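Beneath this line is the structure, given in structure tokens, with notes to follow.
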Amino acid sequence: MATDVAAVAEAVARYRLGLGAQRFRGRAGDRRGHGVGSSQEFFDFRDYVPGDDLRHLDWRGYARTEQLRIRLHQEEVAPHVDVLLDTSVSMASTPAKEQAVHDLVGALVGWSERQGSRARVLALAGGPLDPSRVAFDGAATAPAVPALPLRTGGVRILVTDGLWPDAAGTFLRRVLSSAARFFALQVLDPWELEPDAAGAMTLVDCETGIRREVHLDARTVAAYQGRLDRLCDTLRTEVVGHGGLYARVTAAPLAAMCEHDLLPSGAIEPQ
Amino acid sequence: MTFTAPFGLLALLAVPAVVALHLYRRRLQERRVAAVFLFVGERLVTDAGRTRTRLLRTPSLWLECLMAALLALWLAGPSFGGIAARHVVFVLDDSASMSVADAEPARAAVRERLDDLRSQDRVTVLRTGPRGEILVGPRALPSEVEPALADWRPARPRHDPLPALDLARELATSAADVVYFTDEPTPFGIGEIHVVAMGEAQGNAAILSAQRFRRAAGGEELRVRVAAYGRTAPSAITIRNAQGAELVRGAIQITDGAADLTVPLPEGTGPIVVELPDDALAIDNEAWLAPEPLRTVRVCDLLSAESRRRLELDRVFAALDGHVLEPDALTAQLVLAERAGHPLAGQTEVVITAGDGERDGWRGPFVVDRGHPWLVGLQLAGVVWLAGSAAPPGRILAAAGNRALMTEEFVAAGRRLWVNLDAAAGNLVRSPDWPLLFANLLDSCRSEVPGPVQANVVLGEEMRFRRTLVAESADAELELELPDGTRELGRGDRIVGWIAAQPGLHRVLDRDGLERAAIAARFHDPSESDLRGLVTRTVAAADDQAGDGPLRDTTIERRLLGLLLLLCALADWWVLAPALGSTMLGRRRQ
């Protein structure tokens, strides 16, 4: 399944990532960094030492105090962006969900590049991915950090459906640590959010192959939704509790996802 | 293809059962979801009922139908090579007691067993004996048994049946296919084979012994001992000659179970038969007796007239009997000579010479090997022996000082007696020891006289005939004419022998068909004549796997079907494993 390039381009043109006021690490850019740089924004003074650039001497202060001091300026960077993509089979449980994930990843990469960052797309428990050729064939049912080390001080965006049968607190703490900005985007199919009360049915787990014959009625659906909400709340609590940003995204065309889920949650901002 | 258990084919009903299961198999709409575990605890569709649906031709259906068919075949025990021929080994007790009523009960029992066999089955018939003997077969068709069975005449004395039973066990596929026909209680150690005993305890009279003795007054004397076992008392005994003429018919009185009878026979009476009246066992009611032949030693005297006179041999041989002078040295058993010749096989040559040297006279003491048959009884007391100085060759039999007086030398197959004697002086030839020496020589040579070694034997013994060994003589080829008229070629070199298997008078015929001797064989075994311990009993084999049905070895077919069954089961499991595994896993999580 291919990314809807037009929708991605439109979304990239209309929105940008909501990076907030955090200080980042990264290449030279237009976002405040952690250290001293060459921006116009004053940062601090320090005593002159031989070898310092005389152009940064505070001549006015020397005139007042006859002490040689150097003016320091704020560093400006384009933050690192690591998109951590859950490539398990469940991410493509429906075509709509798979398409939504493709579009969302494409938009995240586009927004990162538009902001001067070079985004990496890393598979959970795997390595770097080509955003245009993502295959959802992971067999693991439990999340795991990517095989490559994550860059510190950057932006990390976790794209997953979060439908993990076991607790993922340890995983989340590891991916949350040392990130300047963290987004957890939980993509769910509309049927997963609100199944039809379609009667007797055999449900097949797309990851484990487990089959279960259930009678989907209103009561069953309600119980399911209750468990799903608890599962999502657990993820959200874990993310928000560690300073991250959580957004539950219903698989839909990219524009709809941006307007209804990402924008309200603060994950993106209008240009 | 045939089946050992055709009812096993009923298991083929499992095939429609499998189809029915697939017809009513529950099939719901499937949906792939990301988190089945979130549906845990929901009401499962277990009571929704099952309705007939379209039959899906899935690999699982075909595999399960194939497994049901293979299972049915496995239970039915298919045999692709048709029914394997059953091989049954019948062992006939060949002891004489089996011949009661002309062995018809045993034959009937065998025929009954033969009728149970199929035409393609195989049969081997053995008869007991010192060594198991195959009467029919091995692996003959049942139809080939009857001729040999009709000719079967059990006549052996009591013997051990185990050699024949061991052979039968080796020949048969299993010990349960061995059937032993006897008339006695089951021997020890044959519990794993069928035993059919058809004996009947009854009384019987038997001729225990019958012998002919020569009387000094001429003629012979016949001594017969008759025994009666059980409630039977023969009252008469008949003696006939070979032509069937009745010679003597007398009454006998059984006392303490036995009676003795002595009958004089005139000189020249040929073979005779002693008969008792008919009773249960016929073989011991008749005893043939042939006259013992006169074994006349042929003596060839090659001595010079002077030597014969000095040695006084005319006087010596005149005092001895049982010999005749024979001018041809080739046919003589004893040869007298002054010089060493060429004794033939079985011939004894006596060389009496002192050589050409000086003579010494010896008064003794003489050292004599009195253990030698030639010197039995020789004393040499008061004998003056004039001997030459040259020592004769061979083993010393008599010596004086360091002088060998008589030696024995083995020459080819014959023997030579050297007598170092100069009869011109001394008194040996006038002593009693001189004729005693020649009497011993004649007795020694008598056993080498051609003819029957024994004229009367009992069944099972060897009838032996000593022939002349003269090249191109008529007895170079000998045949034995049995009582039933059949002839059997004799084998052997110096002595030809045949095993006595039939009671009656046997005739030894030479190459020209002339009768060389008559040898009588009779049955003698009191334990077989006593029929009081016979039983009728059928003992099944301890491990009767074969049963009465035909034996089919379907091991290979069953193994092949079992392997196919296993492969199908594995394939079905491989097909169903994902679904089964997920269901089981799901329930475990539940």
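Just so you know, all these numbers are worked out from the coordinates, no wet-lab data involved. What you see is a predicted model; the values in this text were computed from it and never measured. No Cβ is skipped: glycine too gets one built from the backbone with ideal geometry, and neighbour counts run over all protein chains shown.
Indicate, rounded to the nearest 5 percent, the antiparallel portion of the DSSP beta bridges found entirely in the protein assembly as shown. Spell out each step's value before the answer.
Details: 104 of 165 bridges.
Antiparallel bridges: around 65 percent, rounded to the nearest 5.
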Legend entry - Where a label projected 7 Å from the Cα of residue B:370 along Cα→Cβ would reach, residues of the stretch B:415-438 with amide N under 17 Å: B:432-438
Inset, instruction - Could you list which residues have their amide H under 5 Å from that of residue B:86, counting only those 5 or more apart in sequence or on another chain, with H placed in the peptide plane? - result: B:121, B:122, B:551
Legend entry - Where labels lie 7 Å past Cα in the beta-carbon direction, separation of residue B:294 and residue B:447 in nm: 2.3
Legend entry - Inter-label distance, nm, simple model (7 Å from Cα along the C-beta direction), residue B:28/residue A:240: 3.5
Legend entry - Inter-part distance where the stretch A:55-76 and the stretch B:400-426 are each reduced to a Cα centre, Å: 160
Inset, instruction - With a point put 7 Å past each Cα toward its Cβ, work out how far residue B:10 is from residue B:454 in nm, to one decimal. - result: 6.8
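So what's the net charge close to residue B:341: Lys and Arg +1, Asp and Glu -1, counting the other residues with Cβ under 11 Å from its Cβ?
Numbers: positive: B:339, B:416; negative: B:338, B:349.
In short, 0.
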Inset, instruction - Let me know the Kirkwood hydrodynamic radius for the stretch A:40-110, please, with Cα pairs as the basis and the value in Å to one decimal. - result: 16.8
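Can you give the average number of partner chain beta-carbon atoms within 10 Å of each beta-carbon in peptide A:93-100, as a whole number?
Details: counts 5, 4, 0, 0, 1, 0, 0, 0.
Average neighbour count from other chains, rounded to a whole number: 1.
So, with +1 on the Cβ of K and R and -1 on the Cβ of D and E, and no other charges, what is the size of the charge dipole of the stretch B:297-446 about its Cα centre, to the nearest 20 debye? Before the final figure, lay out each step's value.
Details: 15 positive and 18 negative charges, 51 e Å.
It comes to approximately 240 debye.
If packing is taken as the average count of other Cβ atoms within 10 Å, what order do B:308-316, B:343-351, A:181-189 fall into, highest mean first? Let's see the in-between values first.
Values: B:308-316: 15.7, B:343-351: 21.8, A:181-189: 24.3.
Descending packing order for the listed peptides: A:181-189, B:343-351, B:308-316.
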Inset, instruction - Could you compute the FRET efficiency for residue B:57 and residue A:217, with r as their C-beta to C-beta distance and R0 at 45 Å, rounded to 0.05? - result: 0.85
Legend entry - Other protein chain Cβ atoms within 10 Å, averaged over every residue that makes up A:192-203: 4
Legend entry - Magnitude of the charge dipole, the protein assembly as shown, Cβ model with Lys/Arg +1 and Asp/Glu -1, debye to 20: 4500
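D for the stretch B:451-522, whole µm²/s, Stokes-Einstein with Kirkwood Rh over alpha-carbon pairs at 37 °C and 0.692 mPa s: what number?
Details: Rh = 11.8 Å.
After rounding, the answer is 278 µm²/s.
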Legend entry - Ordering of B:137-149, B:221-233 by burial proxy (mean other Cβ atoms within 10 Å per residue, highest first): B:221-233, B:137-149
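Give me the Å³ per residue figure for the convex hull around the C-alpha atoms of chain B. Mind dumping the intermediate values first?
Numbers: hull volume 177.9 nm³, N = 590.
Roughly 301 Å³ of hull volume per residue.
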Inset, instruction - Would you mind getting me the FRET efficiency between residue B:150 and residue B:238? Use the beta-carbon distance for r and R0 = 30 Å, nearest 0.05. - result: 0.55
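Calculate, in whole percent, how much of the Cα-Cα pair population of the stretch A:134-184 lies beyond 12 Å. It would help to have the intermediate numbers written out before the result.
Details: 878 of 1275 pairs.
Of all Cα-Cα pairs in the stretch A:134-184, 69 percent lie more than 12 Å apart.
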Inset, instruction - May I ask you to derive the relative contact order of the stretch B:451-522, considering only C-alpha pairs under 8 Å and at least 6 residues apart, and to give it as an integer percent? - result: 38
Legend entry - Options A:199, B:514, B:331, ranked by Cα towards positive dipole end of the protein assembly as shown, top entry (Cβ charges): A:199
Inset, instruction - Please list the non-local residues whose amide H lies under 5 Å from the amide H of residue B:179, H modeled 1.01 Å from N, same-chain partners needing a gap of 5 or more. - result: B:89, B:90, B:91
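When the helix-only estimate is applied to the protein assembly as shown (DSSP H runs of n ≥ 4, each -39,500 (n - 2.57), divided by the residue count), what is the mean residue ellipticity at 222 nm, nearest 500 deg cm²/dmol? Before the final figure, lay out each step's value.
Values: 17 runs with 201 residues, N = 861.
Result for the protein assembly as shown: -7000 deg cm²/dmol, rounded to the nearest 500.
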Inset, instruction - Please quote Rg/Rh for the stretch B:189-232 to two decimal places, taking the Kirkwood radius as Rh and restricting both calculations to Cα atoms. - result: 1.37
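For the stretch B:99-241, what is the convex hull (Cα atoms) projected area averaged across all directions, in square nanometres? Present the calculation step by step, with values, prior to reporting the outcome.
Working: hull surface 47.4 nm².
Taking a quarter of the hull surface, the average projection is 11.9 nm².
Hey, got the average number of other protein chain Cβ atoms within 10 angstrom for residues in A:216-227? Write out the running numbers ahead of the final one.
Values: counts 6, 2, 0, 2, 4, 2, 0, 6, 7, 1, 1, 6.
The mean count of partner-chain Cβ atoms within 10 Å per residue comes to 3.
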Inset, instruction - Taking H placed 1.01 Å from N in the peptide plane, check which residues at least 5 places from residue A:72 or on another chain put their amide H under 5 Å from its amide H. - result: A:43, A:44, A:45, A:46
Inset, instruction - List the residues of the stretch A:43-87 whose backbone N lies under 19 Å from a point placed 7 Å from the Cα of residue A:137 along the Cα-to-Cβ direction. - result: A:85-87
Legend entry - Kirkwood Rh and Cα Rg combined as Rg/Rh, chain A: 1.12
Inset, instruction - Scale the Cα Rg of the protein assembly as shown by the rule-of-thumb value 2.2 N^0.38 Å and send over the ratio, two decimals. - result: 2.14
Inset, instruction - Please give the FRET efficiency for residue B:319 paired with residue B:166, using the beta carbon to beta carbon distance and R0 = 60 Å, rounded to the nearest 0.05. - result: 0.50
Legend entry - Linear extension gain, residue B:20 paired with residue B:564, 0.36 nm per residue minus alpha-carbon span: 193.5 nm
Inset, instruction - Return the sequence-ordered ³J(HN,Hα) values of the stretch A:105-112 in whole Hz as given by the Karplus equation 6.51 cos²θ - 1.76 cosθ + 1.60 applied to θ = phi - 60°, using x for Gly and Pro. - result: 5, x, 5, 5, 5, x, 5, 5
Inset, instruction - Mind grabbing the base-10 log of I(q)/I(0) for the stretch B:297-446 at q = 0.20 Å⁻¹? Debye formula, identical points on the C-alpha positions, no solvent, two decimal places. - result: -1.37
